[in-house]
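Visitor: Sharing a structure here in structure tokens format.
Rule-based calculations on the coordinates, nothing more; no lab input. Just so it is clear, the structure is predicted and the values come from calculations on it, not from any experiment. Cβ placement follows ideal geometry from the backbone for every residue including glycine, while neighbour counts extend to all protein chains displayed.
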Amino acid sequence: MNMVPQPYEVVARHEESPDTATLALLPVRQPIATPQPGQFSMVYAFGVGEVPISVSGRAGAMGILHTLRAVGAVTRALHAARPGDVLGLRGPFGAGWGVPAPEGSDLVVVAGGIGLAPLRPVIHHVLGVRGRYRAATVLIGARTPQDLLFTGEYDRWRAGGIDVRVTVDRAAAGWAGHVGVVTTLLDGVVADPARIAAFTCGPELMMRLTARALLERGVPGPAVQVSLERNMRCGVALCGHCQLGPVLVCRDGPVLAYDRAEPLLSVKEL
Amino acid sequence: MTNTLELLTAHPFLAGLPPGWVEHLAGQVRQVGYPAGFRIFREGEPAEHFWLIDSGRVAVDIHLPGRGDVLIETLPAGTVLGWSWLSPPYRWHFGAIAIELTHTVQFDAAGVTQLCDASPELGSELRRRFIAVLADRLQATRVRLLDLYAHPVVPA
Amino acid sequence: MAALLESLEPLVTSLREDGYTVIGPVVADGAVVLAELESAAELPYGWGSEVAPGGYRLRRRRDRAAFAHQAGPQSWKSYLHPPRVPLWTVHRKDFTITEPEADEEPPRYAFLGVRPCDLRAIAVQDRVLGGVDGAYARRRAAAFLVAVDCTEPGPTCFCASAGGGTAAGDGADLVLTELVDGENVSYLAEPRSAAGRRRLASLPQRPATAAEMDRARGEVAAAAERMGRSLPATDLRTLLAERLDAGHWAQVAQRCLSCGNCTMVCPTCFCTTVEDTSDLTGEVAGRWLRWDSCFDLDFSYLHGGAVRRSARSRYRQWLTHKLGTWHDQFGESGCVGCGRCIVWCPVGIDLTEEVAALAKEEAGP
């Protein structure tokens, strides 16, 4: 059954940035299982193809949100989908983010670019159980102010008790916020390294630098989780494409603790 | 008005410096606050100071014809502003402007240079710390150069 | 208690009458290849092979042995895990999806002549695909396997050091041992499953004598001593995990053409890709499962380019997966020592030599 997509209808489309849109999807017939934070679906554009896309949120009991960036033939077709269009979903697949984190943790979420999309379910989780954690910080980095995702939600997150800090690589006219790499926002975030539960997603180098910056501040490797990406064709550990050494990213990942990911990521062309 | 010595000791840039050295440096400083929008220095002007940012935020910028003042980087509380006083031509390469009400400890560059000449160990330690700051900023800038979030990706 | 079969014809006929498609070795296109058998007479009686790194040749034998040749370029995966499989078609109008295999009966294959190495290879693929590929599981469950013990390994064989041996292990329904006396060929037959017992019971036979059984066992055991090559007797999983940055990979890369032959002939290589197609009207789309190879540059495509761009990294991926990370992913080695990759590599790269070189590099100068 996991090789056959389930039809899902686009019920809403929100443009996050010039090349990125969030699609809200509802099942036409059978729903797929409820996705956990950090899991992904294989999303099918009729006649074009299929790509792995992280779940960026849920809507009600059966609605699934996917935020995707138009970078190739399939994602361009998906990005252009309008309400009423039918896509195919297979999934949910993969090992997701380790939430809930231990009670009393200081949660740190560090997102780079489109990496904020797979992390949004973690933010939603924190909003739902805010009292479980001590501090909750979300650091967001993007290329320019217009590439920031979910900007309409930041105030709601702040109102929910999350410290949201934003930076861009290059400013645009009228930008009054931070300018610099996302790791520059880490100052003062790690009060007690032993309490940190960190989740980071974005370009691979950005995740490695973020993890390194956290480790330099005394956070243990296993407390930092990264979300890996490799070529995926089947999503069900059948096709062999997503291997990273011993890890099958679709099955053992995409989320990995940094102590496990680091030795694999540091081998060129693994 | 917080005691200058307390501000200096609390600032990350001088963390761990022997108290005696901090007192020497305290002789070369004054507390300066800048209102939001105040231009701290312009590119090309002589670099006669450096600042420890205690609170607020400073933008490093440069003026480009047709684009106006372009924001390069923001420096928050706990960081150092200004290193052009360390080497020739001792002129600012970029400008700096307070984004919001910013409280700083301003150092007199000439005075600190004299202090360092008189006390080589202090000079060496200060330079070591400035190198660490510059190295950090250079690494971060190189990462931004990679334009990791960009699409389409330009194949190497 | 073993039986002695004077001929395999009754077995082939019996299987065909029950609706099995019997697949076995035949001589075609200058090699011993797998094909559908209508009669046991099509088996390669009297044919042997000469194998070497980068070389394969048929040769006429002095006897009429049918299973004394070495592994040909194909393996049973061509039938259990076919090169191109339709997965489903979908209609744009209402997104109705049709799966071809769900309604049809899968072909019931009877494999005649599965060597012990290939039997292990089928078990390896069962472990990889059995739980995640429903179509594979159905084909496999419907298959009847007649294994043939190995009495004549070749210079490129190394099953013994790859965790196997010349005697067939688990997974077969029937196990045969070919007893060759010049022109006369007969088969010792032992059932290994209920289906095998039933099948064997229906065939004309006589009980094997003790002498015949001793001879069979002896020849199979002796064959295990005549392996042409061997893998080093060391923990390859750990060795390869520690040698990812070894200088030796560059050495292999100078020779490897990344042609992917090894992945095509290897009986355990399983990687596939999916192909999405659409008809001219755009109303009906389909998806196919197709063999793929980690040597293909597109295999590891990510964000504008391949993660494994160099031939060096792609050869390393193949070898370290086959002998190393396969343990992490599937709990065993992916290599059964059949030697096909050595024979069909156009430049004759020998993975037993490459592994030995890596082991030596670890030991230091």
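Visitor: When the Kirkwood hydrodynamic radius is evaluated over all pairs of different C-alpha atoms of segment C:280-365, what value in angstrom, to one decimal, is obtained? Don't skip to the answer; put the middle values down first.
Guide: Values: mean 1/r = 0.0636 Å⁻¹.
Result for segment C:280-365, one decimal place: 15.7 Å.
Visitor: Here's another thing I want to ask about it. Of the candidates C:A285, C:A250, C:A208, which one comes out as most mobile in a Gaussian network treatment of chain C with C-alpha springs shorter than 10 Å?
Guide: It is C:A285.
Visitor: Of all the C-alpha pairs in segment A:10-137, what % are more than 25 Å from each other?
Guide: On the way: 2053 of 8128 pairs.
Percentage above 25 Å: 25.
Visitor: Run the quick spin-label model on A:R76 and C:M1: label points 7 Å from Cα toward the beta carbon, then report their separation in nm to one decimal.
Guide: 7.3
Visitor: What value in Å³ per residue do you get for the convex hull of the alpha-carbon atoms in the protein assembly as shown? Don't skip to the answer; put the middle values down first.
Guide: Values: hull volume 162.8 nm³, N = 791.
In the protein assembly as shown, the Cα hull volume divided by residue count equals 206 Å³.
Visitor: Taking a cut-off of 23 Å between Cα atoms, list the lysines near A:K268, but don't count ones fewer than 8 places away on the same chain.
Guide: Straight-distance partners of A:K268: C:K322, C:K360.
Visitor: With n ≥ 4 as the cut-off for DSSP H runs, can you work out [θ] at 222 nm for chain B, using -39500 (n - 2.57) per run divided by the number of residues, rounded to the nearest 500?
Guide: Working: 4 runs with 52 residues, N = 156.
About -10500 deg cm²/dmol.
Visitor: Let me ask you something else. Could you tell me the extents of chain B's C-alpha atoms along the three principal axes, largest first, rounded to whole Å?
Guide: So the extents along the principal axes, rounded to whole Å, are 55, 35, 29.
Visitor: Take every residue in peptide A:44-53, count the Cβ atoms of other chains within 10 Å of its Cβ, and give the average of those counts.
Guide: Details: counts 5, 2, 10, 11, 3, 7, 3, 0, 0, 0.
Average neighbour count from other chains, rounded to a whole number: 4.
Visitor: Per residue of C:300-309, what is the mean number of Cβ atoms on other protein chains within 10 angstrom of that residue's Cβ?
Guide: 6
Visitor: Hey, another quick one. Can you give the calculated 222 nm mean residue ellipticity of chain C, where each DSSP H run of n ≥ 4 adds -39,500 (n - 2.57) and the sum is split over every residue, rounded to the nearest 500 deg cm²/dmol?
Guide: Numbers: 14 runs with 116 residues, N = 365.
Taken over chain C, the calculation gives -8500 deg cm²/dmol.
Visitor: Determine the dipole magnitude for chain C: charges of +1 sit on the beta-carbon of Lys and Arg, -1 on that of Asp and Glu, nothing else is charged, the reference point is the Cα centre, and the result goes in debye to the nearest 20.
Guide: Values: 40 positive and 48 negative charges, 133 e Å.
Computed about the Cα centre, the dipole is about 640 debye.
Visitor: Please give the peptides C:125-131, A:99-105 ranked by average Cβ packing (other Cβ atoms within 10 Å per residue), highest first, as a rough proxy for protection. Please list the in-between numbers first.
Guide: Values: C:125-131: 18.1, A:99-105: 15.7.
Peptide ranking by packing, descending: C:125-131, A:99-105.
Visitor: Averaged across A:171-184, how many Cβ atoms of other chains sit within 10 Å of each residue's Cβ atom? Each step should come with its number before you reach the end.
Guide: Values: counts 7, 2, 5, 0, 3, 7, 4, 8, 11, 11, 9, 2, 4, 8.
Across A:171-184, the average partner-chain Cβ count within 10 Å equals 6.
Visitor: Using every alpha carbon pair in segment A:61-100, what percent of pairs falls into each 5 Å bin from 0 up to the bin containing the largest distance?
Guide: That works out to 6, 14, 23, 25, 16, 10, 6, 0, in percent per bin.
Visitor: While we're here: Only Cα pairs within less than 10 Å get springs; with that Gaussian network setup on chain B, which residue of B:W51, B:W85, B:W21 has the largest fluctuation?
Guide: B:W21
Visitor: Right, next: What do you get for Rg/Rh of chain C when both radii come from the Cα atoms and Rh is the Kirkwood radius? Provide the component values of the computation, followed by the final result.
Guide: Working: Rg = 21.8 Å, Rh = 21.9 Å.
Ratio value, two decimals: 0.99.
Visitor: May I pose another question? GNM, chain C, Cα, under 10 Å: largest mean-square fluctuation among C:D292, C:D350, C:D181?
Guide: Its mean-square fluctuation being the largest, the pick is C:D181.
Visitor: How large is log10 I(q)/I(0) at q = 0.11, 0.15 Å⁻¹ when the Debye formula is applied to the Cα atoms of segment A:162-270, each weighted equally and without solvent?
Guide: Summing over Cα pairs of segment A:162-270 leads to -0.43, -0.73.
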